[in-house]
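What follows is one structure encoded as C-alpha cells, with my remarks underneath.
What follows is calculated from the coordinates using simple rules that are stated; it is not laboratory data. Here the structure is a predicted model, which means the values were calculated and not measured. Cβ sites come from the backbone with ideal geometry, for glycine too, and all protein chains shown count toward neighbours.
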Amino acid sequence: MNQLLASSELWEKLITLVEHADTAVQIAALRVLGNFITVPNGMKQVAPLMLVLERLLNSSKSCVTRETCWCLSNIAAGTREQVEALMASDLVVPQLVRLLGGNDMDARKEACWCLCNLITGRVPTFVRRIVSQDCVGPLLAMLDCNDTQLMCIVLDALQVVLCVGETLAGSGGNPFVPLVQAENGEYVLTRLLDHDCDEIWPKASALLDAYFGAASADEDDAEGTGGQPDPCAVAGKT
C-alpha cells in the first residue's frame, strides 16, 4: 500500500480523472484524492493538483463544487507544505469566499470548513490574506446554520482573526473589530449566549468579553464562566 501511495503515476492519473466528462468519475477521483491527502504516506506534493481544483470550484455541477471544497478542506487541515501550496494560489480563497456567500448550503458548509481550517492554522500572514477577501460577513452568517460542530469552528476562526488583529493594533485599535461590527457581529454573538450547546455560548461570551465588552450581565453570573481561557491562546505565536 505504501508503494501505491507513493506512486507518482497514481496521482497523475487521479488528477486527470477529476476533470473526466463523467461526473461520477470526477466525484470518485476527488474522494480518493481527498482521503489519500490525509494519510501519513499519502499525497504530499499537492501543487500539481491546485490548478485543477481552482477550475473545479467554478464547475456548473454543484456536487463537483462541494467535493472540490471538501478536498481543499483536507489540504487546508494538512501539513504546512500542503497549506502553503493552497495559499500560493491567488484564486482559491476568493472562490471559497464566493461560495461561502452563495445559495447552496452544502457548498457553503464545505467552503466554510476549508476557510476555517486555513484560519485556525494560525499563520498570521495567511489569516490577513483571507480576511482581506471580505470573509468576515459570510463567516458570521454561518453562525445561523444549526450545525453545532461547524458553528464551533467558525467561532474558533473568528477568535483567531481577532487575535491576529491585536498584533496589528495601532493607535486606532484592532482593525478587525470594526469588520465584525459592520456585519452586526456583536448582535450575532450576543444571541449565541442563549444557545443550548455548552461549547458554543462560552466561545461567544469569550469573544464578546475580550473584544467588544458586550457579554450580558446574566452571562457574567452563569456557572462555569470563570475559567474561560485567554481567547488569544488559539492564535498561538506564529
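Here are some notes:
- Inter-site label distance for SER62 and VAL188 at 7 Å from Cα along Cβ, in nm: 2.2
- Backbone HN-Hα couplings from phi across the stretch 204-212 [Karplus 6.51/-1.76/1.60, Hz, Gly and Pro as x]: 5, 4, 4, 5, 4, 5, 6, 10, 10
- Computed extension gain for SER132 through ARG31, at 0.36 nm per residue and net of the alpha carbon distance, reaches 33.3 nm.
- Linear extension gain, ASP106 paired with CYS152, 0.36 nm per residue minus alpha-carbon span: 14.8 nm
- Using the empirical formula 2.2 N^0.38 Å as the baseline, the Cα radius of gyration of the stretch 1-156 reaches a ratio of 1.00.
- 3J(HN,Hα) couplings calculated from phi for the stretch 148-157 with the Karplus curve 6.51 cos²θ - 1.76 cosθ + 1.60 (θ = phi - 60°) are, in sequence order, 5, 5, 5, 4, 5, 6, 5, 5, 5, 5 Hz; Gly and Pro show x.
- Centroid-to-centroid, using Cα positions, the stretch 175-207 and the stretch 115-137 are 18 Å apart.
- Calculated FRET efficiency for the pair GLU54/GLN181, C-beta based, R₀ 25 Å, to 0.05: 0.15
- Assigned charges on the beta-carbon of Lys, Arg, Asp, Glu; the stretch 158-206 dipole about Cα centre (debye): 200
- Estimated inter-spin distance, ALA21 and LEU91, nm [label 7 Å along Cα→Cβ]: 2.2
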